[in-house]
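Novice: Sharing a structure, written as structure tokens. Questions coming.
The values are calculated or read from the model by the stated rules, or taken from the named source; none is laboratory data. From a predicted model like this one, the values you see are computed outputs, not experimental measurements. Positions of Cβ are generated from backbone atoms using ideal geometry, with glycine treated the same way; all protein chains shown enter the neighbour counts.
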Amino acid sequence: MASIEMITKEDLQEFKRELLKDLVKELSEKIVPTKKWLKTDEVRKLLDVSATTLQTLRINGSLTYTKLGGILYYDYEHIEKMMKENLRVARK
């Protein structure tokens, strides 16, 4: 015989809190950064590229950067400009 489980209001409240927490985490990774200078990991997430691709963009001059104390920083405005300059219109 199957047993019946009751879902309480508290169970639903806990589910709501967990779901909201997960959504906030997911969205925070997708939202445009508000700071001017981004570190390598942030740029890789933003552009969804590998470390090698990011290095290639630096080497060929597509993406400018600043190096301070062994840490690379990228100007968000320059990243946005590069993306707009490379925008292609889809053909039907």
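Novice: Could you tell me whether the stretch 49-57 includes any residue that is at pLDDT below 90, under 19 Å from residue 83 (Cα atoms) and in contact with a Leu (Cβ under 9 Å, 6 or more places away or on another chain)? Write out each step before concluding.
Specialist: Of the residues in the stretch 49-57, the ones at pLDDT below 90 are none.
There is no residue in the stretch 49-57 that is at pLDDT below 90, under 19 Å from residue 83 (Cα atoms) and in contact with a Leu (Cβ under 9 Å, 6 or more places away or on another chain).
Novice: May I ask you to list the residues in the stretch 63-92 that are over 21 Å from residue 34 (Cα atoms) and within 20 Å of the chain's Cα centre (by Cα)?
Specialist: 86, 87
Novice: From the list 11, 41, pick out the single residue that is modelled with pLDDT of 90 or more and either among the acidic types (Asp, Glu) or touching a Cys at 6+ places or on another chain (Cβ under 9 Å) (or both).
Specialist: Just a single option satisfies the conditions, and that option is 41.
Novice: Can I ask one more? Scan the stretch 71-83 and tell me whether some residue there is touching a Leu at 6+ places or on another chain (Cβ under 8 Å), surrounded by 14 or more Cβ atoms within 10 Å (Cβ to Cβ) and modelled with pLDDT under 90.
Specialist: Looking through the stretch 71-83, at least one residue is touching a Leu at 6+ places or on another chain (Cβ under 8 Å), surrounded by 14 or more Cβ atoms within 10 Å (Cβ to Cβ) and modelled with pLDDT under 90.
Novice: Given 10, 14, 5, which one is exposed (fewer than 10 other Cβ atoms within 10 Å of the Cβ) and not in a loop (DSSP other than H, G, I, E, B)?
Specialist: Values: 14 fails: exposed (fewer than 10 other Cβ atoms within 10 Å of the Cβ); 5 fails: not in a loop (DSSP other than H, G, I, E, B).
After applying the criteria, what remains is 10.
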